[in-house]
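Below you'll find the structure, written out as structure tokens, and then a few comments.
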Amino acid sequence: MNIPMLLQHSHQRFLKGLLRTPFRCYHFIFHSSTHLGSGIPCARPFNSLGLHCTKWMLLSNGLKRKLCVQTTLKEHSEELSDKEQRFVDKIYSGLIQGHRACLAEAITLVESTHKRKKELAQVLLQKVLVYHREQEQINKGKPLAFRVGLSGPPGAGKSTFIEYFGKMLTERGHKLSVLAVDPSSCTSGGSLLGDKTRMIELSRDMNAYIRPSPTSGTLGGVTRTTNEAILLCEGGGYDIILVETVGVGQAEFAVADMVDMLVLLLPPAGGDELQGIKRGIIEVADLVAVTKSDGDLIVPARRMQAEYVSALKLLRKRSQVWRPKVIRISARSGEGITEMWDKMKEFRDLMLASGELTAKRQRQLKVWMWNLIQEGVLEHFRTHPTIQEQIPVLEKKVLSGALLPGLAADVLLKTFKSRD
């Protein structure tokens, strides 16, 4: 019996698509229809398509078909050449042993946009994820690291704060990883990546790792691969992960979907109470710190603290066990830094005890998955041969005023849907 007799056209195309993927282990369960008698020996025709490790079960239960694609790390790794396998194993071994050079190489690999390197990065990430889960089980299911996002407008003193705060943490025996995100130029596409130059003492600390990365056009104050970098840092043994975002405002705060706690750093005299009421990043902040609270700025800092305390009372409560706090700190004098760390530990302990931290991380995994799906679909759209042919023609019509941008977009989407 051949394939056309068993499947509709869409299912044929789906199976042929599976053949082009790097995975080769599938488990199919087909419910036979009235046109197919139960017990038909259909394993051989599918094996002829190049699938192996297949199991077939025919059930006389209507027209339903269930398809379960099972992939394992072993099958995925088998697609690598010996040289590629040694390369991945070398990075993985060095990473879990705490070598900073291997961690840097691993992050560079996941940041690459090269097609083959992206595949290697997925193999490495899967190995690190398995190791990460094993270590969490040894730790009785508790998270291995505390993920903290640091955000705020430009000039709030984020890098200066991290320098002082990071040194304090490493002196207390913690291993700190700082993922500093720098904005990319909208004209040249380049990034200065200068945050590390502001953290001279911390960059020399062997218990700290600082990784500046460009946004490369990604909105929300983070990079395209910040989630992956966080996982790699945790695999490298770092128990505190700080994600320093670019200056974000009332709409862009993607970092909130990546960290356990979001700390908002605000300079004094940076706006009135109305700014705090506006729905935006203040709504997802777990701790607000008014920076530069020293010298002549103490009085403005106190006034701003009082205004934001009032503003936070108007926002809806997001947690059953934690209410956002507003504190004053100074990275120059050290005032309030220790108290700030105490507040952060209190937040972590309360959220962990209530189960909210675990639930939050599970939601973040779902957001991470859908972000990757959106990125993949957009890339597939842009690289589609038919779409690439039509884009210049439609762009020319839009620029000449002969076609509305919305109509041009509809034409491209309909073409993509009919051709794909």
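The values are calculated or read from the model by the stated rules, or taken from the named source; none is laboratory data. Treat the numbers as computed from the prediction; the structure is a model and nothing was measured. Methodologically, a virtual Cβ is constructed for each residue, glycine included, from the backbone with ideal geometry; neighbour enumeration extends over all protein chains shown. Just the protein is used for accessible areas: all its heavy atoms, side chains included, with ligands, DNA and RNA removed. Shrake-Rupley method; radii C 1.70, N 1.55, O 1.52, S 1.80 Å.
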Given a 1.4 angstrom probe, I'd like the percentage of the accessible area of segment 305-420 that is carbon and sulfur, rounded to a whole number. 57
Take the Cβ-Cβ distance between Arg323 and Leu413 as r, set R0 to 30 Å, and report the resulting FRET efficiency rounded to the nearest 0.05. 0.10
Between Glu201 and Trp370, what length in nm is gained on full extension when 0.36 nm per residue of separation is reduced by their alpha carbon distance? 57.0 nm
Taking amide H atoms as placed 1.01 Å from N in the peptide plane, list the residues 5 or more away in sequence, or in a different chain, whose amide H sits under 5 Å from that of Asp239. Lys175
Segment His380-Glu395, extension gain: residue separation times 0.36 nm, minus the distance between their alpha carbons: 3.5 nm
Any idea of His132's accessible area? Nearest 10 Å², probe 1.4 Å. 10
For the pairs Lys127/Lys343; Lys360/Lys417; Lys117/Lys360; Lys292/Lys345, note any where the Cα-Cα span goes beyond 32 Å. Lys127/Lys343; Lys360/Lys417
For the ranges 256-268, 327-339, 358-370, what's the packing order if you count other beta-carbon atoms within 10 Å of each residue, average per peptide, and put the highest first? 256-268, 327-339, 358-370
A correct Karplus calculation of ³J(HN,Hα) over segment 111-116, with 6.51 cos²θ - 1.76 cosθ + 1.60, θ = phi - 60°, whole Hz and x for Gly and Pro, returns 7, 5, 9, 5, 4, 5
Just tell me which aspartates and glutamates come within less than 15 Å, Cα to Cα, of Lys167; anything on the same chain fewer than 8 places away is out. Glu201, Asp205, Asp239, Glu335
Radius of gyration and Dmax for segment 368-417's Cα atoms, expressed in Å? 12.5, 39
Taking the Cα-to-Cβ direction at Ala402 and at Ala359 and moving 7 Å from each Cα, how far apart do the two end points lie in nm? 5.7
